[in-house]
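Chemist: The structure under discussion is supplied below as structure tokens; questions concerning it will follow.
The values are calculated or read from the model by the stated rules, or taken from the named source; none is laboratory data. Just so you know, these numbers come straight off a predicted model, no measurement behind them. Counting neighbours? That spans all protein chains shown, and the Cβs are built from the backbone with ideal geometry, glycine included.
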Amino acid sequence: MVKRRDILFILLFFHTTFFLFGQISQHMKKRAQVAGMPGNEYTDIWGYVAPDGKEYAIIGSTLAVNIFDVTNCGNPILKYQFLDGLDSTNYWRDFKTYQNFVYGVADTGEEGLQIFNLTQINNINVTQSTAQFKRAHNIYIDVPNARLYVAGARDNTTTTNWMIIYSLSNPASPTLLKKVALNTLPGVSGAENLYMHDVYVENHIAYVSQGYAGFYIWDCTDPNNITFKGYLDDGSNYNHSSWRHTAYNNPDTAYFYVAEEVPIGRPIKVIRTLKNSTGYDINLLSTFKHPLGAPTYTNNRPHNPFVKENGLYIAYYHDGIQVYDVSNPIKPIRAAYYDTYPNNNGNPYTSYEGAWGVYPFLPSGCILASDITYGLITLNPHFPKVLFQAPLHISGAGKGIVFKDSISGYKKLTVENDGRIKITATTTAEATNRIDSADIELVNPGKLILTSPNDTKYHITISSAGTFQTQALPVPTMAITMPGNILIDNKHKGLIFETANGSRWKTTVSTQGISQVNKTQF
């Protein structure tokens, strides 16, 4: 059972931890680091989960593709190295996975499409094909539709750049569906340089980072009739890569976090795509960046963003791995970081050094990072929590949880006499108990008990679908009782409910007074 003096101890501990890490990290801990792979410079990283639950990292080095067992996040074990031997300057490798296969490309040399069969991890079979292309910048796999998209595919020339689509109905031997130069398609100017640098695909819709041309959307449902659906180009910046966030579970509206690699110092863009009758409306909503060298040096350079639940993970070159809470997708709040490249600490941002890629999707929570100089780095987040192992009962009539919204206001969550959740504007003066820098987590079965104005006790839980459920019931003897409002006085902290199926749902409140409930891994 957690007592109020235990809560105070926990908060003091977290404040001390934050202080110790200083500029190198916040709420992230390095578990392991491995370098010395063939070529001694490193590129992209991806993850793979085997049928037996073991977890693996796939990382590119100049001369090899390297596969590590990272089931123990603190002890990576090298399982396989593929030395291609075709080019000593393969600085740009990228990977994706489908079923028991890893697919890789390189943006230099003549690697073509590499396919690694991981069915037997101790006896990996590798095939390569240069029939359709020799070089490519990246790939993406639309897993539900078993399609592989190759971005920026070409032979040893930059005059023709193709988008190539394969079917993975036979994952060991992909079938070509389409090979096309996007600037030749109807609806766009044939003179436009529509080089395809990177791509994110969902439900056959390709959201493409097209370098200096901007952000484009293409409908690839019928590979033989790819149609242009809209674009956003607001200057001469280089649209490098993006990742989608469906915060409000609306299939027609999505948010994308866009990294513009060139010129140096560009912020991350937040854009919204809204499907209409003919295509998509695309709007720039906001931008953000938080350089570790600020206020003296501010030209940090973003590289690759990825979204998992309410977390945005960015490989940020010199600034390492940056993690943002995007419960409010328009106003990301930095929640954690780890500087993988400390060499530039206190120096200007120059050239291309530091974190190339990050993979946050392993079920264990082990985060994989690749640093151009320092190789494979494994990380674990350690977000502060105040845990309640028993139901949390706020006993005062009309009392509840006070949240700090995404700007600077305060909103109070209470329960009405009929059991409905109510959110009203309030002030910090109403708080009896204050938590400065931690979430409150209600451990399975996560339950908050609030008292209505007429003194009815309502048990509040979160369903497995993320919706509030209230029920009038007596207070159990095991409940932890607190008499007044509890203030969570940090704008990206909130109230986490753990459900019976293991899901964790985080509740925060918007500036408009709307409760926001999102799955969380923080």
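Chemist: Going through Ile372, Ile367 one at a time, which residue ends up being closer than 16 Å to Gly47 by Cβ, assigned by TED's automatic domain parsing to the domain that holds Gly265 and either of a type in the set (A, V, I, L, M, F, W, C) or surrounded by fewer than 24 Cβ atoms within 10 Å (Cβ to Cβ) (or both)?
Modeler: Numbers: Ile372 fails: closer than 16 Å to Gly47 by Cβ.
That would be Ile367, the only listed residue that is closer than 16 Å to Gly47 by Cβ, assigned by TED's automatic domain parsing to the domain that holds Gly265 and either of a type in the set (A, V, I, L, M, F, W, C) or surrounded by fewer than 24 Cβ atoms within 10 Å (Cβ to Cβ) (or both).
Chemist: Which pairs do you get when a residue that is of a type in the set (A, V, I, L, M, F, W, C), found in segment 30-43, comes within reach of a residue that is surrounded by fewer than 17 Cβ atoms within 10 Å (Cβ to Cβ) and outside any strand (DSSP E or B), reach meaning Cβ atoms under 6 angstrom, with the pair 6+ apart or on two chains?
Modeler: Ala32/Gly74
Chemist: Which of the strands (runs of 3 or more DSSP E) found entirely inside segment 260-319 contain at least 1 residues meeting this: over 17 Å from the mean Cα position of the chain (by Cα) and over 18 Å from Ile333 (Cα atoms)?
Modeler: Working: elements: 268-275, 280-288, 304-308, 311-315.
In segment 260-319, the matching strands (runs of 3 or more DSSP E) lie at 268-275, 280-288.
Chemist: I would also like to ask the following. Out of curiosity, is Gly279 among the small types (Gly, Ala, Ser), over 30 Å from Asp339 (Cβ atoms), surrounded by fewer than 18 Cβ atoms within 10 Å (Cβ to Cβ) and in the same structural domain as Asn183 (by TED's automatic domain parsing)? Give the steps one after another, and end with the answer.
Modeler: Numbers: among the small types (Gly, Ala, Ser): yes; over 30 Å from Asp339 (Cβ atoms): yes; surrounded by fewer than 18 Cβ atoms within 10 Å (Cβ to Cβ): yes; in the same structural domain as Asn183 (by TED's automatic domain parsing): yes.
For Gly279, the condition - among the small types (Gly, Ala, Ser), over 30 Å from Asp339 (Cβ atoms), surrounded by fewer than 18 Cβ atoms within 10 Å (Cβ to Cβ) and in the same structural domain as Asn183 (by TED's automatic domain parsing) - is met.
Chemist: Looking at (1) out of contact with any Leu (no Cβ under 6 Å at 6 or more places or on another chain); (2) under 27 Å from Ile77 (Cβ atoms); (3) part of a strand (DSSP E or B), which is the only condition Gln120 fails?
Modeler: (3)
Chemist: A further question on this structure: From the list Gly109, Gly47, which one is in a loop (DSSP other than H, G, I, E, B) and either in the same structural domain as Ser364 (by TED's automatic domain parsing) or closer than 15 Å to Ile139 by Cα (or both)?
Modeler: None of the other options fit; the residue is Gly109.
Chemist: Pick out the one residue from Ile449, Ile407, Ile435, Ile423 that is in the same structural domain as Gly502 (by TED's automatic domain parsing) and over 22 Å from Thr511 (Cα atoms). Step through it out loud before you land on a result.
Modeler: Working: Ile407 fails: over 22 Å from Thr511 (Cα atoms); Ile435 fails: over 22 Å from Thr511 (Cα atoms); Ile423 fails: over 22 Å from Thr511 (Cα atoms).
Going through Ile449, Ile407, Ile435, Ile423 in turn, the sole match is Ile449.
Chemist: Shifting gears a bit: Show the residue pairs that are 6+ apart or on different chains and have beta-carbon atoms under 9 Å apart, the first residue being within segment 503-522 and without any contact (Cβ under 8 Å) to a residue 12 or more places away in the chain, the second being buried (at least 18 other Cβ atoms within 10 Å of the Cβ).
Modeler: Going by the 9 Å Cβ cut-off, the qualifying pairs are Gln512/Asp405.
Chemist: Could you check, for segment 245-263, whether at least one of its residues is within 28 Å of Ser351 (Cα to Cα), surrounded by 17 or more Cβ atoms within 10 Å (Cβ to Cβ) and touching an Asp or Glu at 6+ places or on another chain (Cβ under 8 Å)?
Modeler: There is no residue in segment 245-263 that is within 28 Å of Ser351 (Cα to Cα), surrounded by 17 or more Cβ atoms within 10 Å (Cβ to Cβ) and touching an Asp or Glu at 6+ places or on another chain (Cβ under 8 Å).
Chemist: Consider segment 410-420. How many of its residues are exposed (fewer than 13 other Cβ atoms within 10 Å of the Cβ) and either within 12 Å of Thr508 (Cα to Cα) or among the aliphatic types (A, V, I, L, M) (or both)?
Modeler: Going through segment 410-420 one residue at a time, the tally reaches 0.
Chemist: Okay, moving on. Under the condition of being more than 20 Å from Trp505 (Cβ to Cβ), surrounded by 24 or more Cβ atoms within 10 Å (Cβ to Cβ) and not β-branched (Val, Ile, Thr), which residue from segment 320-338 is nearest to the chain's Cα centre (by Cα)?
Modeler: Gln322
Chemist: For segment 85-108, state whether one or more residues are among the basic types (Lys, Arg), within 24 Å of the chain's Cα centre (by Cα) and within 19 Å of Ile377 (Cβ to Cβ). Lay out the reasoning, then the answer.
Modeler: Filtering segment 85-108 for residues among the basic types (Lys, Arg) gives 93, 96.
Imposing the further condition that a residue be within 24 Å of the chain's Cα centre (by Cα) reduces the set to 93, 96.
This time we only want the ones that are within 19 Å of Ile377 (Cβ to Cβ), so: 93.
The answer is yes, given that some residue of segment 85-108 is among the basic types (Lys, Arg), within 24 Å of the chain's Cα centre (by Cα) and within 19 Å of Ile377 (Cβ to Cβ).
Chemist: Look at segment 20-46 and say how many of its residues are at pLDDT 90 or above, surrounded by 16 or more Cβ atoms within 10 Å (Cβ to Cβ), within 22 Å of the chain's Cα centre (by Cα) and over 19 Å from Phe522 (Cα atoms).
Modeler: 6
Chemist: Residues being assigned to a loop (DSSP other than H, G, I, E, B), of a type outside the set (Val, Ile, Thr) and loosely packed, with under 14 Cβ neighbours inside 10 Å: count how many of those fall in segment 123-132.
Modeler: Initial filter on segment 123-132 (assigned to a loop (DSSP other than H, G, I, E, B)): 123-124, 130-132.
Retained after the next criterion (residues that are of a type outside the set (Val, Ile, Thr)): 123, 131-132.
Checking the rest, the ones that are also loosely packed, with under 14 Cβ neighbours inside 10 Å come to 123, 131.
The total comes to 2.
Chemist: Filter segment 327-350 for residues that are part of a loop (DSSP other than H, G, I, E, B) and touching an Asp or Glu at 6+ places or on another chain (Cβ under 9 Å) and give the result.
Modeler: So in segment 327-350, the residues part of a loop (DSSP other than H, G, I, E, B) come out as 327-332, 339-341, 345-350.
If the condition is that a residue be part of a loop (DSSP other than H, G, I, E, B) and touching an Asp or Glu at 6+ places or on another chain (Cβ under 9 Å), then Asn328, Pro332, Asp339, Thr340, Tyr341, Asn345, Tyr349 are the ones that fit.
Chemist: Does Thr71 satisfy the condition of being touching a residue at least 12 places away in the same chain (Cβ under 8 Å), surrounded by fewer than 16 Cβ atoms within 10 Å (Cβ to Cβ) and in a loop (DSSP other than H, G, I, E, B)?
Modeler: On the way: touching a residue at least 12 places away in the same chain (Cβ under 8 Å): yes; surrounded by fewer than 16 Cβ atoms within 10 Å (Cβ to Cβ): no; in a loop (DSSP other than H, G, I, E, B): yes.
The answer is no for Thr71.
Chemist: In addition: I'd like to verify a number: residues in segment 360-398 that are within 18 Å of the chain's Cα centre (by Cα), closer than 20 Å to Gln26 by Cβ and not polar (S, T, N, Q), how many? So that I can check it myself, show each step before the final result.
Modeler: As a first pass, look at segment 360-398 and keep what is within 18 Å of the chain's Cα centre (by Cα): 360-371, 377-383.
Add one more test, that the residue is closer than 20 Å to Gln26 by Cβ, and what stays is 360, 365-369, 371, 377-383.
Next, from what is left, pick out any that are not polar (S, T, N, Q): 360, 365-369, 371, 377, 379, 381-383.
So the count comes out to 12.
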